[in-house]
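Everything on this sheet refers to the single structure shown next.
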Amino acid sequence: MANDNSNNKDHKPSGDSGRRSFLGKTALAGLAGAGAVIGLSGCKDDAPKAGKAAPASAAAHEKAPGQLDDYYHFSSGGHSGEARILGLPSGRTLRRIPVFNIDPMVGWGITNESKAIMGTRADGSLKYTTGDTHHVHGSYKDGTYDSRWLFVNDKIHSRLARIRMDTMECDKIVELPNVAGFHGVFPDKRDPVDPAINYTTRVFCGAEFHIPLPNDGRDLDDPAKWGALFSCVNAATMEVVWQCRVDGNMDLVATSYDGKLAASNQYNAENAPDLAGMMAAERDGCLFFHVERIEALVKQGKFTTIGDSKVPVVDGRKAANEDPKTAVTCYVPVGKNPHGVNASPDGKYFVCSGKLSPTATVIDLALVLKWFDGGLKEPRDTVVAEPEIGLGPLHTAFDGKGNAYTSLFLDSQIVKWNLDQAIAQFKGDKAAKPVLDKIDVHYQPGHGYSSMGETKEADGKYFNSGNKFSKDRFLPVGPLHCETEQLLDLSGAKMVLLSDHTAYPEPHDGIIVRRDRVKTTQVHTMADFPNAVSAETAGVERKGNKAHVRLMSQAPNFSMPIIKVKRGDEVTITLTNHDKVEDLTHGCAIPTYNINFIVNPQETKSVTFKADHVGAYWMYCTHFCHALHLEMRSRFLVEA
Ligand code: K7E
Ligand code: CUA
Ligand code: CA
């Protein structure tokens, strides 16, 4: 089995069914011991068996040469540290957006401007050069995307980045204090109090790993004292405005359409430091935050701070929140080790997936608010449905017609189920059948998300299944496999598999945004760059051993054919692209000095480096711009 891809010439797919059962067994074996205890095989669902994948109906989703896609697909890039833009339904890659990684193509992590956003140490080197992006979400207005910003997390270093959607470039990064394993992120959709603020002003961040608070060497051998904080970041300033200490951990994050509630699923309600401990409890939770009350406590000064951080920390632990009428948190018990929490587009429900329980838990937000008002006995009374949907449920998407679509990691399927039927069944209606359809995906889906599905404009057209394994789906290319993104058509009663495309590891979550909801800028405005170089300011300016080279590009020329500096100089090159034509990008590379970046039309960027070795170096344009692109070069001379 392991070698069946070794001979490319004779390579034949080993067959869907073989691969699927192999993966199923492996996945179950991986949960050794757990399977029996938690009844992984106990899913009683009598739903229709998944049919064979329907033959792709090519015309339905293919885009002819020159045809534009109907949707933008904004995707995280996992431990590549980037974010990505694809077009759907074609699956064509449109853009990679470097965020936490270094990208020599655009010069991210090389230019002064990008380094300032990424953060540097005292010596000017980058503080971090790695990142792990899982979730990318757009800012909202009136319950749908407003094309201002995308927010994306870095799980490794607990940073939140913002991407401006006019240029699709990262413009801010903030590190969350006293947080480890920052995983789920979601912007709010409106203010909890002020009805005039019907757009995103906060970004909520969950923390998956608990750590010593502060993490300054104390309590290293005493994980029982460690804790996890939920963070709120101001969307406009990107400052952390408050944090809330919780019991247990946090994973994914969802926000309500009325702005009042944010929630995070918890798989480690046990606060355990090891795997066995994290699976000990029969139930974990979905943890709700009452945004207005938390902010009132902050205003009243009822908070602490941790270590060097000045961010107010409110106590959201159970012991401090026993009276619902004053509580800032509500812990709703849900299936074992849940993963994923998603808001239904009608604004009524959050759905939390069981992962180790074959169920999805539907929580009624009106009942959560009722609990906070003292009108319900138990947090669990907010649960209005808990259908059995299949093995390994992770993430849920919606079609805006009352149906939910949940990825089933262990079953390698997507299940379509109906919310009203699930609620009726939970109330005791024996005739209710929540599960409507299942379809095989290839293989082991993580996130699935639907077109406009996280907005009030959910349109039920497409669903993207982000599959973690792809063996047999594509030509073998060595030990590292790509991942499979699969596009499903949601428009009929049955889901239809439309297409496969590859993804470089490792996208997790994404959003699918109708193209008219995205407004971009195709050419920069030169005046936006205070350091733009003009004919008047161009040239070399020296101050002591600092040489500032002010340069312009206009196809097929750099403004200076010769640039002279001296060994030992600290050289800054500021380059403004004077071309106004859309798509006319230039690049700038200097051999042996590790300089490589681009300037888009009317854009200005700069680099600073020490000219520590002499010689003649051709500074050349790297980005094909003109018939004389190869000739577009200048002599960069470092004199002794
Ligand atoms: Cu399920 Cu990080 Cu959203 Cu991966 S997480 S799939
Ligand atoms: Cu300028 Cu290539
Ligand atoms: Ca658990």
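Taken together, the values in this text are just the output of simple stated rules run on the coordinates, not laboratory data. The model shown is predicted, which means the values in this text are computed figures rather than measured ones. Cβ: placed from backbone, ideal geometry, glycine included. Neighbour counts: every protein chain shown.
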Worksheet, complete the sentence: The size of the Cβ-based charge dipole (Lys, Arg +1; Asp, Glu -1) of the range 265-317 about the Cα centre, to the nearest 20 debye, is 320 debye
Worksheet item: With no solvent and one point per C-alpha, what does the Debye sum give as log10 I(q)/I(0) for the range 338-405 at q = 0.13, 0.16, 0.26 Å⁻¹?
Response: -0.36, -0.53, -1.10
Worksheet item: Between their Cα atoms, which of K260/K299; K141/K348; K63/K155; K355/K433; K115/K468 are more than 29 Å away from each other?
Response: K63/K155; K115/K468
Worksheet item: Given the range 517-640, what whole percent of its Cα pairs are spread farther than 23 Å?
Response: 28 percent
Worksheet entry | Interatomic Cα distance distribution for the range 296-377, bins of 5 angstrom, percent | 3, 13, 16, 17, 18, 16, 11, 5, 1
Discussion item. Looking at the calculated P(r) for the range 112-154, what percent of the C-alpha pair distances fall above 15 Å?
Written reply: 58 percent
Discussion item. How large is the Rg to Rh ratio of the chain when both quantities use alpha carbon positions and Rh follows Kirkwood?
Written reply: 1.00
Fill in: lysines whose Cα lies under 19 Å from that of K302, excluding same-chain neighbours fewer than 8 positions away
K310, K318, K325
Worksheet entry | Expected-Rg normalisation [2.2 N^0.38 Å, Cα atoms] applied to the range 258-297 | 1.52
Discussion item. What number results when the radius of gyration of the range 457-550, computed over Cα atoms, is divided by 2.2 N^0.38 Å?
Written reply: 1.95
Discussion item. Less than 13 Å Cβ to Cβ from L369, Lys/Arg counted +1 and Asp/Glu -1: what total charge do the surrounding residues give?
Written reply: 0
Discussion item. Based on the alpha carbons, how large is the Rg to Rh ratio for the range 194-267 when Rh follows Kirkwood?
Written reply: 1.06
Worksheet entry | Tail weight of P(r) past 18 Å, computed on alpha-carbon pairs of the range 425-511, percent | 52 percent
Discussion item. Return the equivalent ellipsoid semi-axes of the range 148-187 as a descending list in whole Å, where each equals the square root of 5 times an eigenvalue of the C-alpha gyration tensor.
Written reply: 20, 9, 7
Practice prompt. Just name one of I306, S344, G316: the one whose Cα is farthest towards the positive end of the charge dipole of the range 279-387 (beta-carbon charges, Lys/Arg +1, Asp/Glu -1).
Written response: I306
Worksheet item: At 10 °C and 1.306 mPa s, what whole-number value in µm²/s does Stokes-Einstein give for the translational diffusion of the range 234-366, with Rh from the Kirkwood sum over Cα pairs?
Response: 102 µm²/s
Response to the item:
Note on the chain, DSSP bridge orientation, antiparallel percent to nearest 5 equals 90 percent
Fill in: Environment charge at L213 (Cβ cut-off 11 Å; Lys +1, Arg +1, Asp -1, Glu -1)
+1
Item to complete: Counting only C-alpha contacts under 8 Å and six or more residues apart, can you give the relative contact order of the chain as a whole percent?
Response: 11 percent
Response to the item:
Per residue, the convex hull enclosing the alpha carbons of the range 377-463 has a volume in Å³ of 107 Å³
Fill in: Partner aspartates and glutamates for K416 [C-alpha distance under 14 Å; skip if fewer than 8 residues away on the same chain]
D45, D46, E388, D399, D437, D440, D489
Worksheet, complete the sentence: Quick calc, the range 173-316, dipole around Cα centre from Cβ unit charges on Lys, Arg (+) and Asp, Glu (-), nearest 20 debye, gives 500 debye
Discussion item. Could you tell me the ratio Rg/Rh of the range 89-223? Both radii from Cα atoms, Rh via Kirkwood.
Written reply: 1.02
